[in-house]
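Everything below concerns the one structure shown next.
The values are calculated or read from the model by the stated rules, or taken from the named source; none is laboratory data. None of these values were measured; they are calculated from a predicted model. For neighbour counting, all protein chains shown are included, and Cβ atoms are generated from backbone atoms with ideal geometry for every residue, glycine included.
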Amino acid sequence: MFNNLIESKAKRQRSAGGMLWSLVIHTVIITGAVYGTLKAGQQIEKVQQEKVEFVKMEKKEPPPPKPKAPPPPDVTAAPPPPKGFQVLTAPIKIPDVLPKIDLSKSVTNAADFSGKGVAGGIAKGVVGGTAPVNEGNTFFAFQVEKQVEMASGNQAPHYPDILRSANVEGEVIAQFVVDTNGRADMSTFKVLKSTHDLFTAAVKNALRDYRFYPAEIGGRKVKQLVQQPFQFSLNH
């Protein structure tokens with residue numbers, strides 16, 4: 001029925017002038033874009049071109065070699081300890097608490113306390129050596145070569161009159177140190193046993209004037225701890 005279609009709006013034909021204006025406008029836009037790109041590249045390249053300055057580093061000279069220390073003088077070996085036994089110092093004041101145990105110390109060698117040889121030596125020492133003796137130490141009776149002896153002329157402690165009249169007998173066992181001058185050190189006086197305080201006072205007063213022959217080790221006088229009994233009997 002309808003062999004021919006009719007277009008509702010007919011297309012307008014572009015004129016030659018419009019096309020020319022369009023070409024000019026696009027040319028201007030493209031030219032501006034290219035110019036802008038070139039300017040931006042120049043700015044970026046300018047920023048990247050930084051001034052580099054070279055600093056000359058002075059080479060440090062190595063320190064002079066340290067002078068060599070002089071060789072040590074000839075060392076003389078200490079003489080070996082003598083063959084003998086160790087000496088224990090007698091405790092003047094017996095502590096009433098247990099001492100702290102030091103586990104860092106070496107284990108005591110029982111062979112060093114045999115009592116054979118020279119006092120102050122050790123079991124692995126050299127035969128014939130002489131052990132140094134510290135005269136400031138106080139020794140037990142079994143540790144000295146010559147024990148303390150009481151000098152002649154010492155008077156017996158005064159028998160307290162009141163105890164004698166009451167027919168009271170008694171005993172005092174005193175402990176004290178006899179120094180190298182043969183005198184009783186009264187600062188170490190201690191009563192181990194006493195039947196009466198008056199007997200103790202009598203012994204203490206008598207000891208102040210007593211004279212002794214001091215103990216000796218290796219021919220040297222040393223201090224010794226002494227335990228001396230004193231009897232108070234009516235028969236004497």
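Residues being of a type outside the set (Asp, Glu), modelled with pLDDT of 95 or more and over 16 Å from residue 171 (Cβ atoms) are entirely absent from region 193-201.
Taking region 156-214 as the range and being assigned to a helix (DSSP H, G or I) and surrounded by 14 or more Cβ atoms within 10 Å (Cβ to Cβ) as the test, the residues that pass are 163, 198, 199, 200, 201, 202, 203, 204, 206, 207. Restricting 178, 168, 172 to residues that are more than 27 Å from residue 213 (Cα to Cα), assigned by TED's automatic domain parsing to the domain that holds residue 207, in contact with a Leu (Cβ under 9 Å, 6 or more places away or on another chain) and modelled with pLDDT of 65 or more narrows the list to 168.
Within region 173-201, residues that are in contact (Cβ under 8 Å) with a residue 12 or more places away in the chain and on the phi > 0 side of the Ramachandran plot reach partners that are β-branched (Val, Ile, Thr) and in a loop (DSSP other than H, G, I, E, B) with beta carbons closer than 9 Å, at six or more positions or on different chains, in the pairs 182/148. Here region 215-235 is the region considered, the condition is being in a loop (DSSP other than H, G, I, E, B) and free of Cβ contacts under 8 Å to residues at least 60 places away in the same chain, and the residue that is surrounded by the most Cβ atoms within 10 Å (Cβ to Cβ) is 219. Residue-level analysis places residue 150 among those that are aliphatic (A, V, I, L, M) and in contact (Cβ under 8 Å) with a residue 40 or more places away in the chain.
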